[in-house]
Ligand SMILES: Nc1ncnc2c1ncn2[C@@H]1O[C@H](COP(=O)(O)OP(=O)(O)OP(=O)(O)O)[C@@H](O)[C@H]1O
Ligand SMILES: O=C(O)C1=C[C@@H](O)[C@@H](O)[C@H](O)C1
Ligand SMILES: [Mg+2]
């Protein structure tokens, strides 16, 4: 049997990491984790509450710890938070311990997909969410690219199409599929 490797999804807010990660896990019969949900489970508070109480710095420390622990697994799918790649330690752990899938998504789509969601305090409270997303993209795109083994455009493709595309690409990588 092929070795069970991890699949890690990275990319910006609204790229579809949680949605697509969950579907990949279901199709491949792997366990699914989401670093944002894990932080919420452990703290008993939602993401915006953690930001409010502990600041972004406190949230990032929790995120790094969750990624450190979850990447110790074997054979999971992990949807990471959009800013997790800001940590060099997390980038190292993600690229060493699984196949990294980058969901590349234009700002326009990110805006449309994140409109009614309170889980993203960085844009929920911004006067100009577009500008925030542009600044984050400038800073983070090179970091997503740096660790990506597979890059998938999620522009106009349905979540189902993106899931199948990723599974096809995973199958051509040694040890998966
Ligand atoms: N390919 C797609 N086509 C259309 N809608 C999508 C697609 N992928 C995700 N969505 C929708 O976009 C919204 C945001 O997706 P999701 O929460 O999975 O993003 P995310 O990458 O996990 O964001 P975050 O980094 O903030 O956790 C959801 O409502 C989801 O249903
Ligand atoms: O891009 C980001 O910095 C974030 C993305 C979300 O997944 C959450 O982790 C949080 O809202 C911060
Ligand atoms: Mg998510």
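What the table shows:
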quantity	calculated
All helices (runs of 4 or more DSSP H) inside the range 95-177 with 1 or more residues being within 16 Å of ligand 2 (Cβ to nearest atom) and within 17 Å of the chain's Cα centre (by Cα)	107-113, 121-124, 129-147
Residue selected from the range 106-125 under the condition within 15 Å of residue 17 (Cβ to Cβ) and touching a helix residue (DSSP H, G or I) at 6+ places or on another chain (Cβ under 8 Å), by the criterion farthest from ligand 3 (Cβ to nearest atom)	110
Failed item in (1) within 22 Å of residue 163 (Cβ to Cβ); (2) out of contact with any strand residue (DSSP E or B) (no Cβ under 8 Å at 6 or more places or on another chain), with residue 103 passing the rest	(2)
Count of the range 65-94 residues which are within 13 Å of the chain's Cα centre (by Cα) and surrounded by fewer than 18 Cβ atoms within 10 Å (Cβ to Cβ)	1
Search result, residues across the range 26-65 that are touching a strand residue (DSSP E or B) at 6+ places or on another chain (Cβ under 6 Å), more than 13 Å from ligand 1 (Cβ to nearest atom) and closer than 23 Å to residue 104 by Cβ	30
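Just so you know, all these numbers are worked out from the coordinates, no wet-lab data involved. Note that the structure is predicted; figures quoted are calculated from it, not measured. For neighbour counting, all protein chains shown are included, and Cβ atoms are generated from backbone atoms with ideal geometry for every residue, glycine included.
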